[in-house]
Amino acid sequence: MKKYFQSGIILVLILWLFGVLIYLPSIEGKLQEAAKVKLAADKGGVFAQVKAEFDGQEATLSGSVATAAEQAEAKALIEKHLRLPGWFTGTMNPVTGVINKIAVDPEKAPFRPRPWLIVTLFGGNQRIDGVLPSAAQRLDLLTALATKLPPPATPLNNQVSIAETALPASNWDSTQASIPDLSSTPKEQSAIIASACDGKWASFPAAASNAEIAAALTASKVPANEITHALTKLRAWKNLTPEELKQQADEKAAAEAAAKAKDKAPAELNKNLGPFRGPNGGLGTSPR
């Protein structure tokens, strides 16, 4: 009896080991596929270079992300939120542990836009271009900027785009607090200010080159075409000399005077006309 019992125990162990050898590769493959889908579905591709490998039910994460917060978030996704399909497994956490070897390296992580801003004033027009990570930041910026600009000839042309996957500003509070005061800028003059949202602003004349402005935005790595687009309207505007401004004002005054004289002429003519009888005895108007 004892002999049969020992043989049964050995048979069970063999069957268990055989099952493990079959089951583990299968579960590891399923876990790796589920982790791949989970990472690809979140945060707009910021985990595109993160890879999960399983040894049994323990995951090892590798790759690169842009921030420490994303490094921690990738671990949490796999450690707490990974599930396998099935009526039973769909409610169970199959991961027993996570070794996080993800590097925090913005240079090697998937491309992420970085915040930047360019404000231009020209001929009473006001325009702001750039990228920010949230609409709330954009609203706060526009509120702060309104106190720093002169009364506009036209409403502020807001061209700031929102990119939810953008990296956070390195010093957002100081960026808002240190906006240069442009409120005394005459309408006939122009101005350019730019910031990499690092707490500093750089000021430029209209004649500044794109390369000079790009240098102030080096930390944001702004594409050259974005700077060109931001400055297109300013480049097309002509900064008139005082003589040209006077000539423009004189021409405008002369045109207005001519228009008034034209409107006044019919009224003066009617004043000099009086009633008369027509051929059929009806009343009309005739010169006095």
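The values are calculated or read from the model by the stated rules, or taken from the named source; none is laboratory data. Everything numeric here is computed off the predicted structure, so don't read it as measured data. Here the Cβ positions follow ideal geometry from the backbone for every residue, glycine too, while neighbour counts run over all protein chains shown.
Is it fair to say residue 85 is loosely packed, with under 15 Cβ neighbours inside 10 Å and touching a helix residue (DSSP H, G or I) at 6+ places or on another chain (Cβ under 9 Å)?
On the way: loosely packed, with under 15 Cβ neighbours inside 10 Å: yes; touching a helix residue (DSSP H, G or I) at 6+ places or on another chain (Cβ under 9 Å): yes.
So residue 85 passes the test.
In the range 110-128, which residues are charged (D, E, K, R) and touching a strand residue (DSSP E or B) at 6+ places or on another chain (Cβ under 9 Å)? Reasoning before the result, please.
Narrowing the range 110-128 to residues charged (D, E, K, R): 112, 114, 127.
Matches in the range 110-128: 114, 127.
Please tell me if residue 60 is modelled with pLDDT of 90 or more and more than 28 Å from residue 172 (Cα to Cα).
Yes, satisfied.
Among the residues of the range 126-157, write down those that are among the polar types (S, T, N, Q) and touching a helix residue (DSSP H, G or I) at 6+ places or on another chain (Cβ under 7 Å). So that I can check it myself, show each step before the final result.
Taking the range 126-157 first, the residues among the polar types (S, T, N, Q) are 126, 134, 137, 143, 147, 154, 157.
Scanning the range 126-157 gives a single hit, 137.
List, please: which pairs have Cβ atoms under 8 Å, are six or more places apart or on different chains, and start with a residue in the range 34-59 that is touching a residue at least 60 places away in the same chain (Cβ under 8 Å) and end with one that is part of a strand (DSSP E or B) and surrounded by fewer than 22 Cβ atoms within 10 Å (Cβ to Cβ)?
Going by the 8 Å Cβ cut-off, the qualifying pairs are 49/64.
Quick check, is residue 124 surrounded by fewer than 19 Cβ atoms within 10 Å (Cβ to Cβ) and closer than 30 Å to residue 83 by Cα?
Details: surrounded by fewer than 19 Cβ atoms within 10 Å (Cβ to Cβ): yes; closer than 30 Å to residue 83 by Cα: no.
No.
Residue-wise test of (1) assigned to a helix (DSSP H, G or I); (2) more than 27 Å from residue 237 (Cα to Cα); (3) at pLDDT 95 or above.
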position: 106; (1), (2), (3): no, yes, no
position: 113; (1), (2), (3): no, yes, no
position: 118; (1), (2), (3): no, no, yes
position: 129; (1), (2), (3): no, no, yes
position: 154; (1), (2), (3): no, no, no
position: 159; (1), (2), (3): no, no, yes
position: 170; (1), (2), (3): no, yes, no
position: 174; (1), (2), (3): yes, yes, yes
position: 180; (1), (2), (3): no, no, yes
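From the residues in the range 48-65 that are in contact with a strand residue (DSSP E or B) (Cβ under 7 Å, 6 or more places away or on another chain) and part of a loop (DSSP other than H, G, I, E, B), which one is surrounded by the most Cβ atoms within 10 Å (Cβ to Cβ)? Steps first, answer last, please.
The initial filter retains those residues of the range 48-65 that are in contact with a strand residue (DSSP E or B) (Cβ under 7 Å, 6 or more places away or on another chain), namely 49-53, 58-65.
After this cut, where a residue has to be part of a loop (DSSP other than H, G, I, E, B) as well, the list is 49-50, 63.
On the way: 49: 17, 50: 26, 63: 20.
In this case the residue turns out to be 50.
Which residue is farthest from residue 153 (Cα to Cα), if the candidates are limited to the range 182-224 and must be out of contact with any Pro (no Cβ under 6 Å at 6 or more places or on another chain), in contact (Cβ under 8 Å) with a residue 40 or more places away in the chain and not in a loop (DSSP other than H, G, I, E, B)?
Restricting to residues being out of contact with any Pro (no Cβ under 6 Å at 6 or more places or on another chain), in contact (Cβ under 8 Å) with a residue 40 or more places away in the chain and not in a loop (DSSP other than H, G, I, E, B), the top hit is 219.
From the list 149, 132, 77, pick out the single residue that is out of contact with any strand residue (DSSP E or B) (no Cβ under 9 Å at 6 or more places or on another chain) and buried (at least 18 other Cβ atoms within 10 Å of the Cβ).
Numbers: 149 fails: out of contact with any strand residue (DSSP E or B) (no Cβ under 9 Å at 6 or more places or on another chain); 132 fails: out of contact with any strand residue (DSSP E or B) (no Cβ under 9 Å at 6 or more places or on another chain).
Answer to the check: 77.
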